[in-house]
Amino acid sequence: MSAPKLYAAHIPLNPISRLLLGIGSAAAAITDPKRGDMVAAMGETTALAPILENLRKRMDSDVVGRRLLKEKPRISNETIDRKKLAALPVGTLGKAYSEFLERLNTSPDARPTVKYIDNLEHLYVMQRYRETHDFTHIALEQKTNMLGEVTVKYFEGIQYGLPMCVTGGIFGGARLKTKNRQELLERNLPWVVEQATNARLFLAFDWENHFEKPLADVQKELNVVPLKDL
Amino acid sequence: MKRAVNILKNVPKSSRNLRQFSSAAESQKKTTHFGFTDVDETEKEKKVHDVFANVAKKYDLMNDAMSMGVHRLWKDYYVGGLQIPYNAKILDMAGGTGDIAFRLLRHSPTAKVTVSDINQPMLDVGKERAQSERDIQTSRLEWVCANAEQMPFESNTYDLFTMSFGIRNCTHPEKVVREAFRVLKPGGQLTILEFSEVNSTLKPIYDAYSFNVIPVLGEILASDRSSYQYLVESIRKFPNQDAFAQIIREEGFEHVRYENLTLGVCSIHKGTKPRK
């Protein structure tokens, strides 16, 4: 049909299919943001090679980021010890992650696998983005309601430049009702824009090695000031 | 005349031991096609079952999306072209969600239809639809979960056998036709609507549409690209118009003919069980 399969979950798409999937998944995601598979598909089809390459280069120019790209560690049910996380003291990154997963009744493997990326290096960047999205929520202390998701999308859009994050932020924000929209525009957005420009590149951070640290320390290391502290 | 030993010249030495050949043949199971992949015959039924169990709820939506509503016209024409006798007993095989059964009841006020399908979830969707359609008398319908290759129906029972977009999913279509022959009364009609070989000028566009658009539509509308990938592949593996007509003839039907719809995208095959 098209290009050869590069990895197990790979579904190579030719340009027509890719365009169709991009448009269709965007429409599906906007009408029903709960369709995680459509949000994921839209993210992958719109993550054009130059954008992912730019992101990969920026990861590579960070010491920790370069190690991540070389070793390609995964955040999955296999690599994450849920029991150990739950036993950590309250206020640590690991405990916060454990509570996050419990609250949503989900697990690291619940994220869709990357299927539509045609380059192995870019595959890891995309997979890492998907697997660390939860940590972005935790570090920014943003809930997973619509307002929180939009705020995180703006952060990711500014830091990573992925089209899905930028459009997700804009269109997701447009869906908010008056009260939340006001809060987004007056409070969350000015704050998150400043955080995104000043903070370290989240994608180049090795979250899994900092589970025992207090969340406040991790935030300092990332150069993030939580909204509630302003 | 060549010396016998020369025949074996091109066979690698390791395979020349004939005993090796026969044991290899014994261990080889019968395979068939599941779309473009080869599977054991016993596996195909299960894989097809899984496809339809997954698509059941979105089946009608996907049919509309993929054919842009045209499947309704095909089915209208298919049923409209039938001569249904008074008080007819009709068997609608692979009748799943009821599209054909409902049309049959509307076309003939006295007919009774047995809707049969190997897949229970599809029948469940059909039963629900029958309840919500106001002009359908559910008393004229009976829903039976059964395998088309081995039907639990008495011989010589039905006036009409219909099957729409189902036979290509059966592991042995000829067995289905054979069973249809058995359960039909002498003089009974067989009529099958199925995807077939498209006109060669249309083929490039049809293929492009099938392989590029349909699986993507499946992914977007039903979160299931692989079932729709199977769909477009299975269409290409099914015998073409003439080959299928021959199969029907070989099972004993007479006056076998077919009619292409939409330049061969699908085809209606008909046959009559001889009166004896």
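The values are calculated or read from the model by the stated rules, or taken from the named source; none is laboratory data. Predicted, not measured: the structure shown is a model, and the values here were computed from it. We place every Cβ from the backbone using ideal geometry, glycine too, and count neighbours over all the protein chains shown.
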Within segment B:86-127, the residues that are touching a strand residue (DSSP E or B) at 6+ places or on another chain (Cβ under 9 Å), of a type in the set (S, T, N, Q) and farther than 13 Å from residue B:75 by Cβ are B:87, B:108, B:114, B:116, B:119, B:120
Of residues in segment A:147-178 being more than 21 Å from residue A:127 (Cα to Cα) and basic (Lys, Arg), the one modelled with the highest pLDDT: A:177
Test of understanding: among B:220, B:205, which residue is farther than 16 Å from residue B:262 by Cβ and within 14 Å of chain A (Cβ to nearest Cβ)? B:220
Run residue A:45 past the list (1) within 11 Å of chain B (Cβ to nearest Cβ); (2) in a loop (DSSP other than H, G, I, E, B); (3) not acidic (Asp, Glu) and report the number of the one that doesn't hold. (2)
Out of A:197, A:178, report the one residue that is in contact (Cβ under 8 Å) with a residue 24 or more places away in the chain and surrounded by fewer than 21 Cβ atoms within 10 Å (Cβ to Cβ). A:197
How many of the residues in segment A:5-30 are more than 11 Å from chain B (Cβ to nearest Cβ), surrounded by fewer than 17 Cβ atoms within 10 Å (Cβ to Cβ) and not in a loop (DSSP other than H, G, I, E, B)? 0
Can you pull out the residues in segment A:124-148 that are more than 10 Å from the chain's Cα centre (by Cα), closer than 21 Å to residue A:30 by Cα and of a type outside the set (S, T, N, Q)? A:143, A:146, A:147, A:148
For residue A:70, indicate whether it is surrounded by 15 or more Cβ atoms within 10 Å (Cβ to Cβ), more than 14 Å from chain B (Cβ to nearest Cβ), of a type outside the set (Gly, Ala, Ser) and within 23 Å of residue A:201 (Cα to Cα). no
Subset of segment B:103-133 [more than 23 Å from residue B:54 (Cα to Cα) and touching a Lys or Arg at 6+ places or on another chain (Cβ under 8 Å)]: B:103, B:105, B:111, B:112, B:113, B:114
Go through segment A:168-196 and count every residue that is under 18 Å from the mean Cα position of the chain (by Cα) and within 18 Å of residue A:33 (Cα to Cα). 6
Filter segment B:48-86 down to the residues that are within 18 Å of the chain's Cα centre (by Cα), buried (at least 16 other Cβ atoms within 10 Å of the Cβ) and charged (D, E, K, R) and list them by number. B:60, B:75
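Based on this model, can you work out whether residue B:234 counts as in a helix (DSSP H, G or I), more than 14 Å from chain A (Cβ to nearest Cβ) and modelled with pLDDT under 90?
yes
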On the basis of being hydrophobic (A, V, I, L, M, F, W, C) and surrounded by 24 or more Cβ atoms within 10 Å (Cβ to Cβ), does residue B:104 make the cut? yes
From B:276, B:270, which residue is on the phi < 0 side of the Ramachandran plot and in a loop (DSSP other than H, G, I, E, B)? B:276
